[in-house]
1. Could you give the longest part of the chain that holds none of the trypsin sites (Lys or Arg not before Pro) found in DSSP loops with at most 13 neighbouring Cβ atoms within 10 Å?
2. For a Förster distance of 51 Å, can you work out the FRET efficiency between the beta-carbons of S200 and M528, rounded to the nearest 0.05?
3. With no solvent and one point on each alpha carbon, what is the Debye value of log10 I(q)/I(0) for the stretch 244-356 at q = 0.15, 0.22 Å⁻¹?
4. Where does the longest stretch of the chain lie that holds no GluC sites (Glu not before Pro) found in a DSSP loop with 12 or fewer other Cβ atoms within 10 Å?
5. Report the one residue of S170, T628, Y314 whose Cα lies farthest in the direction of the positive end of the charge dipole of the chain (charges on C-beta: Lys and Arg +1, Asp and Glu -1; origin at the Cα centre).
6. Considering the options G265, S200, I460, tell which one lies farthest towards the positive end of the dipole of the chain, charges being +1 on Lys and Arg and -1 on Asp and Glu at the Cβ, about the Cα centre.
7. For the stretch 292-357, report the translational diffusion coefficient in µm²/s to the nearest whole number, using Stokes-Einstein at 10 °C, 1.306 mPa s, and a Kirkwood Rh over Cα pairs.
8. Just going by the charge dipole of the chain, with Lys and Arg at +1 and Asp and Glu at -1 on Cβ, which of A585, S28, T142 is farthest out on the positive end?
Amino acid sequence: MGWFESLSFKRERVFMSLLFLAVIIIVSGGILSPVFRKQFILMKAAGVLSISVGCLIGLGYAVNELFHSGESAVSFTYLNRFSLSFKTDGLSAFFLIAIFAVSMIAAIYSFQYMNNREKPWKTAFSYLFFSLLVASMALVVTAGNMISFMLSWEIMSLSSFFLVLYNYESSDNRSAGYLYFIFSHVGAMFILAAFGVMYSHTGSFDFTAAATLPDRAKMIVFLLFFLGFGSKAGVFPFHVWLPHAHPAAPSHISAVMSGVMIKTGIYGIVKMYAILGLSSPMAGGIVCGAGMISGILGVVYAIGQHDLKRLLAYHSVENIGIILIGMGIGMIGVSSGNKIMTVLGFTGGLLHVLNHSIFKSLLFMGAGMVIRKTGTGAISCLGGLLKKMKVTGITFLVGSLAICGLPPFNGFVSEFFIYMAGFKGVGLDKTSFIMSHLAIISLAVIGGLALACFTKVMGIIFQGEPRHGFADNPDENEPMMLLPMVLLAGACALIGLFPKLFFIMALKGVASLGLVHGEMPIEPFIRMTGHITLAAAIFITVFLLLLALRFFLYKGKPVASFGTWDCGFTQPTPRMQYTGGSYGASIIEFFEPVAPLSEDHPAVSGLFPQKTHYKRHISDIAEVHLGTVIVKPVLAIFDKLRWIQHGDIHLYIAYILLAIVVLLFFV
């Protein structure tokens, strides 16, 4: 028996060493980039190759741990006193798959995207912080105690902050970076406060001791965790940093931040819920309610955006809402003892974590290609791109269909499981009955609004005629950027057509939480989902075959073309097309109480009126009220305390000594 335990421990050390090997290779690529800064191509190659190889090793490790292993753990001594503990279970392995897969594809995309030869230092340090971000995300989801978690969390927050500041010459970019920095560390303070409450009751830095907390303390700790992790995930109203930071960062970094980094907040919420052993229905209600609000308002604000990357950033808020709805339904299932509801809710939410990381990364990379080739991300300035950027247009269309939750793509699969979880809750008591119905209605509203939003994006950017000359001569001569987009589009279709394997992956992650015991009859739900996606795939295939048949039948034959009814305009111009603002105007007006709209259009006057303009802007109520209620009062307080800064070094030393004396009383 002792020999077997020794062998098992050795095996855990070997497999965990693969994770740390992956982390070391990834970070080494970031360190090598500044070293090779004078050889621009070599510098990028070193960064991309090392990050990609490290991610590939980490991906292999995560898949093995998810399908063939139970748990692997290892710990190190830190400062000869503290323990840094890391552990991989089913949940962390599932998140590692998303982290390593998306980061590897983003690294490949960056090889041609990062092409600023005039400033090699910026590119070199971008790869350095990119590698630190990937490594720290992997360590966050495998951290086994409070110290290792907070250390990894801070590295992740700081590295992503410097990536947001890539174009630091712009004042808007700096403002976005500072806003992100503030929200990251305010969230970290809430997490640290939750750990403090846990330690005060248990006297241990280990996560497993949290289950011994009193019920009231558990609820307080969970609320603190939800605020802290919700800030990182972009849950309404703590999302205000997100639509500023994502557009500011390079597109492949936006893909990683939106695709996987904000999911560490979801990981934290689910992980801490499980280790607390919280069975209160209040937890599920809070999470589900926050998800519904985030999902609906996120997509409403997205419809009103005029910048492509900012629009996609708000869709991250929407999809975090969908994930939280699934997790909240799962928590309601735990509190009510409904096992199928628990499994479908948590599994659908986890699967949407993976699905969102794929189609959102695809959309941000498509946006990066559009901005790179046209020089603008303003939606209403573009048009007709599908004619000359066919690969980008088709892959972006696949991502759009996936994010709208339409079959046969992956977004439908995870949302369908969440729907089924909601329907399983309609027969429960009053509160659960109401929450389940509201969740189902919210998912339907979110899906409809998302479809309207991406109809706008595809119609205005990729169809019609070019506006303002931005899309006159684009091309797609960037194979290293196109390949990742094609791979991600293929993954959207693969998961949609063959959902069983990926559902099992998410199910293994849920099983490691220990919330459900025994086997669940979920095979009918998997089979039903597969039949729906297969039917949709057959429909699309028949449609494409008919198009191909029409093409060959008309090939070589004269085809006459005539102008359509032109409403009296003999020479219509591209300016007569729908703009982004006009397309979504009626929807925005309906939601005006939560999405205030401001317009600027000077009145036209005189016999020969001068050139005028029309501008409309949708306001984020969270950003408006947080600025009024929190930011302005805090700035006013600090303005009144400015007298403390005298510039005298002796006075500053006195402040330090006074602080030490005060702290000695508590120590």
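Since every read-out is calculated from the coordinates, none of them should be taken as a lab result. Since we're looking at a predicted model, the values are computed, not measured. When we count neighbours, we look across all protein chains shown, and the Cβ atoms used for this are built from the backbone with ideal geometry, even at glycine.
1. In short, 118-554.
2. 0.60
3. Result of the Debye calculation: -0.65, -1.13.
4. Longest run free of exposed loop sites: 170-518.
5. S170
6. Farthest towards the positive pole: I460.
7. 129 µm²/s
8. S28
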